[in-house]
Amino acid sequence: MTAPQHPYTHPALTAADPELAALVGAEERLQAETLRLIPSENYVSAAVLEASGTVLQNKYSEGYPGRRYYEGQQNIDQVETLAVERAKAVFGVEHANVQPYSGSPANLAVHLAFAEPGDTVMGMALPMGGHLTHGWGVSATGKWFRGVQYGVRHDTGLIDFDEVRELALKERPKVIFCGGTALPRTIDFAAFGEIAREAGAVLVADIAHIAGLVAGGAHPSPVPHVDVISTTTHKTLRGPRGAMLMSREEHAKALDKAVFPGLQGGPHNQTTAAIAVALREASQPSFRDYAHAVVANAKALAEALLARGFDLVSGGTDNHLILMDLTPKQVPGKIAAKALDRAGLVVNYNTVPYDTRKPFDPSGIRIGTPSLTSRGLAPEHMTLVADWIDRGVAAAGKGDEQALAAVRAEVGDLLGAFPAPGLPV
Ligand SMILES: *Cc1c(COP(=O)(O)O)cnc(C)c1O
């Protein structure tokens, strides 16, 4: 008998479409050989990958378990029920909808559930660290609804709750979003809860970035303070690309109706299955260790960057994310990000609050520790990572390609000892 084939050699794909298979192989190498520092990314487990590539993909299942518009749902109903029950247990909520295709449609569904077109919604401004889908102008949520925005204080980089309260009481939004994409600090859900109650608004915690930290007990839970929780499943939660909406029972009907038939047709059952697997993983003790390690790594990395003279928005981090203002280093964010990429350090350029540069060429870069933590890197490695970033940014300023190549070689050497989950070794 021959040895079983490695599950990630993609034999059928290689035979049917070698061109595409070669691109997948190249991406596997890229993810293996680079230090991925984008805070919204991760490595899913082999089990999550396998679940998302199953024949569940072949089914149409409009509706919800037990109430479908299609026959043949004997297994699919159980798959979705498993995902829902696991979400309820992991996050401690009364209701979960696992069908939103991704975070953006999940947030549009929230608008659909609690506001009419033209109604006021409130969220954090995109350049301050909020998300497009919290009523920002270029998004459908800002075109069809009247978005009003709060920010962070110029001096502290922290949310100013006096400003939030004043704005909420003046504008009386139907919905208030808290949470964002470039927030390095703990979100004070209790403070938002008080303001939302005072203003008579539905409060939504968008925990897309921090869901894994919440599940693993490394960030306070929004559950006691908010009406609705919106989250992606593919960031710190380490599941497939997808999303969930969670709430108390009282909002269950409105959310379910908004997702289907309000916004979507058939759910992506292969994704639902992979979400169920990810949630099972998130309920294990090892996931708590991972979530706390993500934060410990970010704090160690922030310390090491501060020691090298980097300017961090809000002065550091409480979570998985660090936002760096490179103005004092005199290197624009985009030039730094592109140079770091050549050095094997994958980051994204980002605006910083009160940025004087343009969004497509901003002052900052955003980094995070979920992916490197999933590979097993620990706080003792973070001085090395900070050193690589420091050398990379300095080399970017001088156009020193040799220095970038030297960092890239060192990155490759270290990562060889830390194989990534889900990738061929
Ligand atoms: C990533 C993110 C989203 C959107 O998720 P997509 O799956 O990319 O549509 C929404 N809200 C927040 C806060 C996010 O970070």
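The values are calculated or read from the model by the stated rules, or taken from the named source; none is laboratory data. From a predicted model like this one, the values you see are computed outputs, not experimental measurements. Ideal geometry is used to build each Cβ from the backbone, glycine not excepted, and the neighbour counts take in all protein chains shown. Heavy atoms of the whole protein, side chains included, go into the accessibility calculation; ligands, DNA and RNA do not. Shrake-Rupley method; radii C 1.70, N 1.55, O 1.52, S 1.80 Å.
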Based only on Cα atoms, what mean projected area does the convex hull of region 173-260 have, in nm²? 6.0 nm²
So if I take the alpha carbon set of the chain, get Rg, then get Rh from the Kirkwood formula, what is the Rg over Rh ratio? 0.97
Ordering of 283-291, 29-37 by burial proxy (mean other Cβ atoms within 10 Å per residue, highest first): 29-37, 283-291
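Just the number: Rg to Rh for region 52-282, Cα atoms, Kirkwood Rh, two decimals. Don't skip to the end; give the middle numbers.
Working: Rg = 17.2 Å, Rh = 17.7 Å.
For region 52-282, the value is 0.97.
Express the C-alpha Rg of region 34-126 as a ratio against the empirical globular expectation 2.2 N^0.38 Å, rounded to two decimals. Show your work: numbers first, answer last.
Values: Rg = 17.0 Å, N = 93, 2.2 N^0.38 = 12.3 Å.
Relative to the rule-of-thumb radius for its length, region 34-126 sits at 1.38.
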Accessible area of the chain divided out per residue, in Å², using a probe of 1.4 angstrom: 43 Å²
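Ignoring ligands, DNA and RNA, please state the percent of accessible area on the chain from carbon and sulfur, probe 1.4 Å. Present the calculation step by step, with values, prior to reporting the outcome.
Values: 10010 of 18190 Å².
Carbon and sulfur together cover 55 percent of it.
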Cα-based Rg / Dmax (Å) for region 1-158: 21.3, 68
Please compute the Kirkwood hydrodynamic radius over region 293-415, one decimal place, Å, based on all pairs of different Cα atoms. 14.2 Å
Anchor Lys143: lysines whose Cα lies under 26 Å away (excluding residues fewer than 8 positions away in-chain): Lys170, Lys174, Lys253, Lys257, Lys358
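Compare the peptides 294-306, 71-83 by average per-residue count of other Cβ atoms within 10 angstrom and give them in order, highest first. Please list the in-between numbers first.
Working: 294-306: 21.6, 71-83: 16.9.
Highest mean packing first, the order is 294-306, 71-83.
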Calc'd 3J(HN,Hα), region 360-370, phi into Karplus 6.51 cos²θ - 1.76 cosθ + 1.60 (θ = phi - 60°), Hz, glycine/Pro = x, comes to 7, 8, x, 8, x, 10, 10, 10, x, 10, x
